[in-house]
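The values are calculated or read from the model by the stated rules, or taken from the named source; none is laboratory data. Small disclaimer: the values here were computed from a predicted structure and weren't measured. As a convention, Cβ positions derive from the backbone with ideal geometry for all residues, glycine included, and neighbour counts pool all protein chains shown.
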Amino acid sequence: MRAAKILVTTIAAAMIFTGFFAIFAAAEGTSFDDAKVIGQGTYSGMVTSDYYYKVNVPAYKAILVTLTAGNNAWVSLQIYNNERQDVGLWGHASANDGEKDYAFYDGKSVTSYAVYIKISNLHFFTSSNYTIQIEFRPGDVMAGAQEIEPGKNISGMLKGSLEAHWYKINVPPYKALLVTLTAKSNSEIELELYNKNRESIGSPAYAENGGSDTTFYDAKSTSSYTVYLRIANSKLSEYSGYTLRAEFRPGDVMAGAQGISNGQTISDEIKCSFEAHWYKINVPKGKLLNVSFTSNGGEIDVTLYNSAGNVVDWKYGTKGYVNTETLGESGTIYIKVTAYEYHNTVNYTITPHLKTGSSDVEQMSNVIATTCLGGIIIAIVIIVLIIILIVKVSRGKKEKTQIQQPPKTP
């Protein structure tokens with residue numbers, strides 16, 4: 001009898017113990033404290049009231065959650081941060097009867113962080129089936145920028161309204177950066193440039209529906225520097241695709257001027273407004289420099305500088321020349337070519353010519369010197385003539401006085 005009681009007690013205890021843990025296990029997902037931990041992937045379930053998930057998001061990443069409602073289902077989704085606070089409008093989604101919706105949150109963190117996802121049933125009397133897809137996306141964190149190389153096309157897709165992609169590129173000394181942004185069809189994209197201090201530089205670019213735009217930045221630096229590129233989605237609640245291409249262009253740095261020689265024709269192109277090309281040539285004493293130029297696609301600005309950076313001559317147009325004939329500067333002469341045609345590529349040629357001759361200043365000096373010398377000679381002659389005249393007049397007066405005096409009486 002005693003053995004039977006012990007057996008019954010043991011079975012009852014086992015049933016209670018098993019039931020307790022069954023209830024505990026069933027309680028998973030019913031609150032923040034017992035939220036079900038998940039990662040990237042697809043998860044399905046049925047919700048009567050609310051169900052909670054917890055996701056650990058990696059550093060430099062954002063989270064995109066796609067919510068799909070089952071047939072005759074009506075559900076909503078809400079994202080909370082690690083402090084269990086609602087992350088805002090873009091962290092909400094709702095779907096009804098097979099529809100899809102998206103929720104997005106970016107912790108903008110350089111370390112991993114946790115988020116909570118609450119699924120709610122919006123039907124009053126029936127449960128709702130749902131599916132969620134968890135995807136980690138690039139975060140809006142400059143420190144996590146992906147390094148890119150010039151001349152290569154970079155393609156990407158912005159899946160969240162607030163999603164942003166960061167890139168960085170190291171620009172060599174004496175170089176500028178030109179970036180071309182192309183939007184895919186049904187896309188709207190913005191591009192901004194930043195320096196290492198996250199200060200906005202250059203002008204932003206905007207492209208939509210298969211169009212392209214460019215942005216240009218020149219640090220005018222004799223050392224290398226890093227430029228950061230931030231690409232953002234301008235289309236609400238829709239995907240936007242893009243292609244990005246960066247290239248190095250000549251920088252507006254006199255110290256990086258390309259050496260050229262007498263009679264050498266240089267042909268090149270200026271791809272954007274304010275892009276500047278520098279050249280230099282040695283002009284011996286007694287020689288004058290003349291640089292002829294032509295352009296196609298727009299007007300160009302051609303300026304000569306001496307080694308001190310002072311302007312020697314300047315012209316603007318599609319054809320013409322600049323020279324050193326005014327002052328006749330010698331030594332290293334610098335030639336700067338630039339254009340102000342927004343978004344237009346301007347092709348140009350320049351050809352330097354050296355010739356023997358005197359500058360306008362030298363010629364004027366010679367004229368003045370010659371004139372002055374002639375004037376001095378004339379002045380001397382006049383003075384001599386005046387002296388001779390004075391002497392003659394003096395002698396004439398003396399002789400006249402002697403004639404007019406009466407002879408002395410003996």
- [ ] Could you please let me know if G156 is within 23 Å of E238 (Cβ to Cβ), of a type in the set (G, A, S), over 15 Å from the mean Cα position of the chain (by Cα) and crowded, with 20+ Cβ neighbours inside 10 Å?
- [x] no
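A quick yes/no check of all residues on (1) out of contact with any Lys or Arg (no Cβ under 8 Å at 6 or more places or on another chain); (2) small (G, A, S):
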| position | (1), (2) |
| --- | --- |
| L64 | no, no |
| L67 | no, no |
| N72 | yes, no |
| L77 | no, no |
| D101 | yes, no |
| S112 | yes, yes |
| F125 | yes, no |
| D140 | no, no |
| E149 | yes, no |
TODO: May I ask you to list the residues in segment 188-208 that are in contact with a Ser or Thr (Cβ under 9 Å, 6 or more places away or on another chain), outside any strand (DSSP E or B) and among the charged types (D, E, K, R)?
DONE: K196
- [ ] Within segment 121-137, work out how many residues are among the hydroxyl-bearing types (S, T, Y) and either under 42 Å from the mean Cα position of the chain (by Cα) or surrounded by 16 or more Cβ atoms within 10 Å (Cβ to Cβ) (or both).
- [x] 3
Open item on the list: Within segment 34-125, considering only strands (runs of 3 or more DSSP E) that don't extend past its boundaries, which have at least 1 residues that are outside the structural domain of L158 (by TED's automatic domain parsing) and out of contact with any Phe, Trp or Tyr (no Cβ under 8 Å at 6 or more places or on another chain)?
Closed with: 41-47, 50-57, 74-80, 92-96, 100-106, 113-121
Open item on the list: Could you tell me how many of the residues in segment 281-301 are part of a strand (DSSP E or B) and over 17 Å from Y348 (Cβ atoms)?
Closed with: 5
Task: Residue in segment 295-339 that is farthest from the chain's Cα centre (by Cα), counting only those that are at positive phi and surrounded by 14 or more Cβ atoms within 10 Å (Cβ to Cβ) - done: G328
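This table checks each residue for (1) of a type in the set (D, E, K, R); (2) crowded, with 17+ Cβ neighbours inside 10 Å; (3) within 35 Å of the chain's Cα centre (by Cα).
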position	(1), (2), (3)
I79	no, yes, yes
Q85	no, no, no
A93	no, yes, no
Y102	no, yes, yes
A145	no, yes, yes
L162	no, yes, yes
W166	no, yes, yes
Open item on the list: Considering only residues that are in a loop (DSSP other than H, G, I, E, B), polar (S, T, N, Q) and either in contact with a Gly (Cβ under 8 Å, 6 or more places away or on another chain) or closer than 21 Å to V87 by Cβ (or both), which ones fall in segment 141-187?
Closed with: S161, S185, S187
- [ ] Assess whether G107 counts as being crowded, with 20+ Cβ neighbours inside 10 Å and over 30 Å from S223 (Cα atoms).
- [x] yes
- [ ] Test S200 against the stated conditions and say whether it is free of Cβ contacts under 8 Å to residues at least 12 places away in the same chain and either farther than 30 Å from F104 by Cβ or surrounded by fewer than 15 Cβ atoms within 10 Å (Cβ to Cβ) (or both).
- [x] yes
Open item on the list: Condition first: farther than 25 Å from T345 by Cβ and polar (S, T, N, Q). Can you find one or more residues in segment 262-269 that meet it?
Closed with: yes
TODO: Considering only segment 75-87, state which residues are of a type outside the set (V, I, T) and either free of Cβ contacts under 8 Å to residues at least 12 places away in the same chain or within 14 Å of D50 (Cβ to Cβ) (or both).
DONE: S76, L77, Q78, Y80, E83, R84, Q85, D86
